[in-house]
Structure formats: structure tokens, C-alpha cells
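I have placed the structure first, in the form of C-alpha cells, so that the comments after it can refer back to it.
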Amino acid sequence: MAERIYVGADHAGFQLKGQLVDELKRLGYDPVDVGPEAMDPADDFPDYGRPVAEAVSTGKVRRGVLTCGTGLGMAYVANRFPRVRAAVAWSPEIAELARKHNDANVLVLPARFVSEEEGLEILHKWLDTGFEGGRHERRVAKIDS
């Protein structure tokens, strides 16, 4: 069974979100697009960040992907939920370290600062990188304690 990954965006991340959903499907994942369904400049990032973060927080899914203009708003929303470690990644190296050292379970992409090609490259690195564990386990455990 394919891993289900929740995906959401605001108006600034809408176009990139479509590319991410398509790429997840192409890679054999089961993306759940929480919206928005159409581009609307009035969209607010919390409306789409919450369902993704809640799904990860409750264990409904292991991972989620969010995108907005800077990535910051979505990260603020997502990181309010227990057991969510949302990381803003603007390069594959940041995505890799977020997974290796922090076990980031929500990837947040800054749509105004990465091209679609870069966004897909970052997504690939995040999906393909595992948590290193070791000394990092102790640090990650302290986040929710």
C-alpha cells in the first residue's frame, strides 16, 4: 500500500502544490490534497496548514507537505501541533539535514523563493532521506517533553 501524504497550500503556494501532488503520484505515493481546489488570493494559510498538521500529529499519516510564500506561516501553524516537526527547506541540503537530524515529518516549501524544479528536487531529497537517530533521538524527544 502506498504511503499517504497530506499536502496543502495557500494562494502563494497553490501552483507549486499542484506540481508536488503530481510528483508524489508519479513516485507511487498517495497524496491527499487538502486544498485549496482553486487559486484564490483570499486564501489563508492556517486553513490549509491545520488539516495537514493534524493528520501528522494524530498519526493518521506519517508525513505532510505544505507550501506558502515564505514557508514561515505554514511552519508556524504546523509546529503548534504535538509531534509535528515542520521544517522550511529552500535547498535539498536543508531538507536532508531536517530529516537526518530533526526527523522532520512535515516539509514546508517557500514557493516565492524556489522554482518548481527546485521544489521537486527538495521534495525528492526529503522523501529519500531517513532519520539518522543516535544523538539526535535524544534531542528530538525533548521537543514534545
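The values are calculated or read from the model by the stated rules, or taken from the named source; none is laboratory data. Quick caveat: nothing in here was measured; it's all calculated off a predicted structure. In this analysis, Cβ positions are derived from the backbone assuming ideal geometry, glycine residues included, and neighbour counts consider all displayed protein chains.
Tabulated data for the structure shown
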quantity	calculated
Matching residues in region 47-84 - criterion: being surrounded by 22 or more Cβ atoms within 10 Å (Cβ to Cβ), β-branched (Val, Ile, Thr) and more than 20 Å from residue 19 (Cα to Cα)	56, 77, 84
Qualifying residues in region 7-21 (those that are touching an Asp or Glu at 6+ places or on another chain (Cβ under 6 Å) and not in a helix (DSSP H, G or I)) - the one farthest from residue 40 (Cα to Cα)	7
Pairs, first touching a residue at least 24 places away in the same chain (Cβ under 8 Å) and within 17 Å of residue 10 (Cα to Cα) in region 72-87, second of a type in the set (Phe, Trp, Tyr) and surrounded by 18 or more Cβ atoms within 10 Å (Cβ to Cβ), C-beta under 8 Å, six or more apart	73/45; 74/45; 74/48; 77/45
Tally of residues being of a type outside the set (A, V, I, L, M) and within 20 Å of residue 48 (Cβ to Cβ) across region 91-122	6
Identity of the residue in region 22-44, among the hydrophobic types (A, V, I, L, M, F, W, C) and modelled with pLDDT of 95 or more, that ends up farthest from residue 86 (Cα to Cα)	27
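For every residue, the table says whether it meets (1) part of a loop (DSSP other than H, G, I, E, B); (2) more than 17 Å from residue 140 (Cα to Cα); (3) touching a residue at least 24 places away in the same chain (Cβ under 8 Å).
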{"position": "56", "(1), (2), (3)": "no, no, yes"}
{"position": "61", "(1), (2), (3)": "yes, yes, yes"}
{"position": "67", "(1), (2), (3)": "no, yes, yes"}
{"position": "95", "(1), (2), (3)": "no, no, yes"}
{"position": "100", "(1), (2), (3)": "no, no, yes"}
{"position": "113", "(1), (2), (3)": "yes, yes, yes"}
{"position": "118", "(1), (2), (3)": "no, yes, yes"}
